[in-house]
Amino acid sequence: MAERLQKILAEAGLGSRRECERIIVAGRVTVDGKRVVTLGTTVDADESEIRCDGSLIHKQRKIYFLLNKPKGYVCTNRDELERLKAIDIIKNVTQRIYTIGRLDKESEGLIIVTNDGDFANKLSHPKYEISKTYFVEVDGYLTDAAIEALESGVWLSFGKTQPVRIRNVHRGKQRSRFEMVLKEGKNREIRRMLVDCNYKVRILRRIKIGNLYDPSLKIGKYRKLADNELARLYALSERGSARRSNIRGSLYHQKV
């Protein structure tokens with residue numbers, strides 16, 4: 001199957017797609033002996049010989065891990081502050097891998113690590129409507145008014161947040177615990193929403209990605225995703241995409 005050359009290079013571990021674009025433009029890549037400098041060139045890695053600086057590039061097999069990220073780790077491939085990186089927890093992997101989405105440094109919980117860009121897009125792009133479920137503990141008593149505000153959406157610097165679901169609420173005078181389910185999350189959105197409602201977050205832990213849930217996976221541990229788990233996530237993304245398309249179609253006909 002033909003794919004963009006920079007994607008093949010990135011999955012082979014030569015760097016990010018942006019870095020691989022620079023490698024191509026610099027004239028360092030050949031395909032079947034011919035130098036390629038045009039971005040957007042598509043190549044079938046199974047049929048063509050691809051070399052960078054003379055070294056043969058092998059097509060990388062797709063790999064998928066479920067990681068229970070501890071606090072103190074960042075979800076990025078490069079960090080100028082040299083903080084601990086979540087991808088470094090995964091051992092004995094030669095491919096370039098990255099997290100699908102992010103959990104901030106102080107948050108913990110489930111995150112998928114892969115080298116499959118298409119799969120990453122299906123799990124992270126809002127149009128596929130893959131929900132993420134978080135366990136949250138805050139200081140103080142969670143009021144009905146706060147729940148209503150969170151579920152309706154609150155105004156932050158980037159605009160109004162998408163509605164979320166609040167469930168399994170356990171309220172106390174000192175601490176409250178509950179779950180938040182959202183389909184679209186921006187940088188530190190949950191923490192910012194709760195700060196806006198005057199709550200300090202004590203624990204923020206992602207416990208579910210779509211229909212993927214593994215309470216037996218300990219913090220700091222990881223495992224490979226099973227084929228049936230991948231299939232269920234793909235099916236979930238397709239249903240989400242179809243549902244959104246149907247909604248857009250209905251709105252279009254209403255306007256017409």
Query raised in the report: Which one of the conditions (1) in a loop (DSSP other than H, G, I, E, B); (2) open to solvent by 90 Å² or more (accessible area, probe 1.4 Å) does residue 214 fail to meet, given that it meets all the rest?
Result: (2)
Query raised in the report: Right, residue 185: touching a residue at least 60 places away in the same chain (Cβ under 8 Å) and under 25 Å from residue 239 (Cβ atoms) or not?
Result: yes
Report summary line: The one condition residue 144 fails out of (1) out of contact with any Leu (no Cβ under 9 Å at 6 or more places or on another chain); (2) surrounded by fewer than 16 Cβ atoms within 10 Å (Cβ to Cβ); (3) closer than 27 Å to residue 110 by Cβ is (3)
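The rows are residues; the columns are (1) in contact (Cβ under 8 Å) with a residue 24 or more places away in the chain; (2) part of a loop (DSSP other than H, G, I, E, B); (3) surrounded by 13 or more Cβ atoms within 10 Å (Cβ to Cβ).
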| residue | (1), (2), (3) |
| --- | --- |
| 7 | yes, no, yes |
| 14 | yes, yes, yes |
| 22 | no, no, yes |
| 37 | no, yes, no |
| 40 | yes, yes, no |
**Report entry** Close pairs from segment 158-181: first farther than 17 Å from residue 196 by Cα, partner of a type in the set (Lys, Arg) and open to solvent by less than 20 Å² (accessible area, probe 1.4 Å), Cβ under 9 Å, at least 6 apart
**Finding:** none
**Report entry** Residue list for segment 121-154, filter: touching a strand residue (DSSP E or B) at 6+ places or on another chain (Cβ under 8 Å), small (Gly, Ala, Ser) and touching a residue at least 12 places away in the same chain (Cβ under 8 Å)
**Finding:** 131, 140
Requested in this report: Could you check residue 69 against (1) within 17 Å of residue 116 (Cα to Cα); (2) touching a residue at least 40 places away in the same chain (Cβ under 8 Å); (3) under 21 Å from the mean Cα position of the chain (by Cα) and say which number it fails?
Outcome: (1)
Query raised in the report: Between residues in segment 190-211 that are at negative phi and assigned to a loop (DSSP other than H, G, I, E, B) and residues that are open to solvent by less than 80 Å² (accessible area, probe 1.4 Å) and among the charged types (D, E, K, R), which pairs lie under 9 Å by C-beta distance while being six or more apart or on different chains?
Result: 199/139; 200/139; 211/229
Requested in this report: Sort out which residues of segment 78-128 are farther than 16 Å from residue 206 by Cβ, open to solvent by 20 Å² or more (accessible area, probe 1.4 Å) and of a type in the set (A, V, I, L, M), and write them in order of number.
Outcome: 81, 84, 87, 93
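The values are calculated or read from the model by the stated rules, or taken from the named source; none is laboratory data. Keep in mind it's a predicted model, so treat the numbers as computed, not measured. Heads up, the Cβs are rebuilt from the backbone with ideal geometry, glycines too, and the neighbour counts pull from every protein chain shown. Surface areas here come from the heavy atoms of the whole protein model, side chains and all, with no ligands, DNA or RNA. Shrake-Rupley method; radii C 1.70, N 1.55, O 1.52, S 1.80 Å.
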